[in-house]
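Here's the structure we're looking at; comments come further down.
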Amino acid sequence: MDAGAMFALMETDMGKYLLSMRCFVLLVLFATGTCNARAQSAKEKRETAYQANLQSYSDVLKPGMTRKNVEDYLRAKSVPFRQPFYLDERSKYASAYSDLVKIGKDKHPWYCGERNVYVAFEFTAVEPHKGSAAYDSDTLRSITIYHELGDCP
């Protein structure tokens, strides 16, 4: 085989290789885009469900209600809640503990084991608190969605 024929054969093989690599790269890009679109769609569905859950509580429980009324409602509906909890200790509203109702789980970063989603009932103290107690007289300030990372180093 002469050098010209050998060069032509190498060019053909190189062309096939480059074509194969281009196809592979396009396939990877397509698969990645499809996965990202599915993940985004799933995230949007979860967020819609969280907002619907928040709205169901906001329709019934209004700012100004006492902690006792809010917690009595949750107990009557057999809704488990976590208490006491400060959402933000630096907040000027951190005079009373918040109650949390777990409504879901989200995708978590690699360095944490979980990311829970809650409806947070934030309260304001009406009377001075002694120690770490939640008082029945605390008033509901707001109802929000709260994301909390767990099992993080």
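For the reader, a short list of remarks on this structure follows.
- With 25 Å as the limit, the listed pairs LYS45/LYS102; LYS102/LYS130; LYS68/LYS107; LYS43/LYS102; LYS43/LYS77 have LYS102/LYS130; LYS68/LYS107; LYS43/LYS77 beyond it between alpha carbons.
- Between ILE103 and VAL117, TYR118, VAL119, the built amide H atoms are under 5 Å apart, and every one of these is 5 or more places off in sequence or on another chain.
Laboratory data are not the source of any read-out in this text; all were calculated from the coordinates shown. Because the structure is predicted, anything quoted here is derived from the model rather than measured.
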